[in-house]
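Written below as structure tokens is the structure these notes are about.
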Amino acid sequence: MEARGPVSINDIVAATGLSRATIDRVLNKRAGVHPRTRAHVLRVVARLENDGHLDQEEAANLKIAESQRLGIIVQAGETFTPSVLAAVKQVGEIDKSTATMQAFASRSDGETVDLVRTLGKETDGIALVAKDIEPVRSELRTLQETGKAVVALVSDLDPAVRNAYVGIDNRAAGQVAAYILGRCLQRAKDAKVAVVVGYFSYLCQEDREIGFRSLLRQRFPEIEIVEVIKGDDSREATYEATLRLLKARRDIAGIYNVAGGNFGLARAIEEAGLERRPLYITHEVNEVTEPLLRTGVIDFLITQSLESLIRTSRQVLVELRLGSGTLRELNHLPIQIVSEFNLDPRHAA
């Protein structure tokens, strides 16, 4: 469905500050749009169709949306961080008529705190991938006291210091990994598996591990988790810890990595020289995991659309500033399961 008369979707996007995807959902009466956002879009469409002019309230909303400056902070693994920054750049280049986004990588907890403080002064709201630790929480509380909105990306934060979360349901993602691994290994006698973690202060990693354990315990009690490998989201730390385990335990039949460090993990598996390569499940398609998936080292990737992640977080921040509320507090994106056979052609070698 297109808007009637001379009004185009681009006109509506420009007049609302929302994404083309949101406008399309409203015009085609699809789910996933907050009722107040839907009503706002329809009011704008009606005004544009009638005389091309907005009333005072809508004109004010347009000015707010177009003038918004949003900050994005990414403190994550060495391969995931560049992927998120690239998605921010791509979305910003495509949707130039909406709020502007500035994205910054953080290399430490202290840098994250500094970026929250700086961007809190310079922007109208921030979205961030960060650890749920007290220095970060404290700075976010201070930011919210000034009326600025905070959206947690990928890894949730304490609900008291953020307005909304955008990303996959990480506990469900862990359950997906457990189900795949369990079905593949349930006929193996006394199968042993290991979990690789980086930092449990990233709630996404804790939730994935909890989901994984709980579903294995419920559905596949014969499969035992024998080790939690602490990899610090680093390829070297993950390599060293995994190699020690695989030299001591030659019976590891499966590995689920909830964190980063996949280059080191793959290297350890190769050097361990196991009789049978363990089933290997991890997260996200990137410059490290994609070739490992193609060559059969990684069996399955659990991932999400980073473009959807950035678009949805921007939409939530815009709506918070407009006073229309978020779509919901928890904005869960679809969980995608990728193998070498359904890898996006854009990732082709």
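Provide the net charge surrounding Gly125, with neighbours chosen by a C-beta distance below 13 Å and charges set as Lys +1, Arg +1, Asp -1, Glu -1. Please report the intermediate quantities before stating the final value.
On the way: positive: Arg69, Lys121, Lys148, Arg162, Arg314, Arg321; negative: Glu122, Asp124, Glu319.
Spelling it out: positives minus negatives among the neighbours equals +3.
Considering Cα pairs under 8 angstrom that are at least six residues apart, work out the relative contact order of the chain and quote it in whole percent.
On the way: 648 pairs, mean separation 58.4, N = 349.
It rounds to 17 percent for the chain.
For the chain, what does the helix formula give at 222 nm: sum of -39500 (n - 2.57) over DSSP H segments with n ≥ 4, over the residue count, nearest 500 deg cm²/dmol?
On the way: 13 runs with 166 residues, N = 349.
After summing the helix terms and dividing by the residues of the chain, the value is -15000 deg cm²/dmol.
Structure shown: which of Lys189/Lys230; Lys121/Lys230; Lys89/Lys121; Lys29/Lys131 lie over 29 Å apart, alpha-carbon to alpha-carbon?
Numbers: Lys189/Lys230 27 Å; Lys121/Lys230 36 Å; Lys89/Lys121 22 Å; Lys29/Lys131 38 Å.
Long pairs (Cα-Cα over 29 Å): Lys121/Lys230; Lys29/Lys131.
What does the highest-first list of 138-147, 299-308 look like by mean Cβ count within 10 Å?
The peptides rank, most packed first, as 299-308, 138-147.
Can you compute the charge dipole magnitude of segment 234-349 about its Cα centre, using +1 on each Lys and Arg Cβ and -1 on each Asp and Glu Cβ, nothing else charged? Give it in debye, rounded to the nearest 20.
Numbers: 14 positive and 15 negative charges, 34 e Å.
Computed charge dipole of segment 234-349: roughly 160 debye.
Which one of Leu216, Ala46, Gly254 has its Cα pushed farthest toward the positive end of the charge dipole of the chain, where Lys and Arg give +1 and Asp and Glu give -1 at the Cβ?
Highest projection toward the positive end goes to Leu216.
Rounding to the nearest 20 debye, state how big the charge dipole of the chain is about its Cα centre with +1 on each Lys and Arg Cβ and -1 on each Asp and Glu Cβ.
Numbers: 45 positive and 48 negative charges, 145 e Å.
Using only the charged Cβ atoms, the result is roughly 700 debye.
Compute the signed sum of charges (Lys and Arg +1, Asp and Glu -1) over the other residues within less than 14 Å, Cβ to Cβ, of Ser214.
Working: positive: Arg171, Arg208, Arg213, Arg217, Arg219; negative: Asp169, Glu206, Asp207, Glu209.
Around Ser214, the charge tally is +1.
Using only C-alpha positions, report the orientation-averaged shadow area of the convex hull of segment 170-303, nm², one decimal.
Answer in nm², one decimal: 7.0.
Quick one: dipole size for segment 170-303, taken about the Cα centre, charges +1 on Lys/Arg Cβ and -1 on Asp/Glu Cβ, in debye to the nearest 20. Numbers along the way, then the final one.
Values: 19 positive and 19 negative charges, 110 e Å.
Using only the charged Cβ atoms, the result is roughly 520 debye.
Which percent, nearest 5, of DSSP beta bridges in the chain are antiparallel? Don't skip to the end; give the middle numbers.
On the way: 3 of 41 bridges.
Percentage antiparallel, nearest 5: 5.
Along the positive direction of the dipole of the chain (beta-carbon charges: Lys, Arg +1; Asp, Glu -1; about the Cα centre), which of Tyr199, Pro278, Gly71 reaches farthest?
Value computed over the given set: Pro278.
Select from Glu284, Glu227, Glu275 the residue whose mean-square fluctuation is largest in a Gaussian network model of the chain (Cα-Cα springs shorter than 10 Å).
Top of the fluctuation ranking is Glu275.
Based on the Kirkwood radius over alpha-carbon pairs, what is the Stokes-Einstein translational diffusion coefficient of the chain at 10 °C with 1.306 mPa s viscosity, in µm²/s? Don't skip to the answer; put the middle values down first.
On the way: Rh = 21.6 Å.
Answer, rounded: 74 µm²/s.
We did not get these values from a lab; they are worked out from the coordinates using the rules stated. Note that the structure is predicted; figures quoted are calculated from it, not measured. Backbone-built Cβ (ideal geometry, glycine too); neighbour counts: all protein chains shown.
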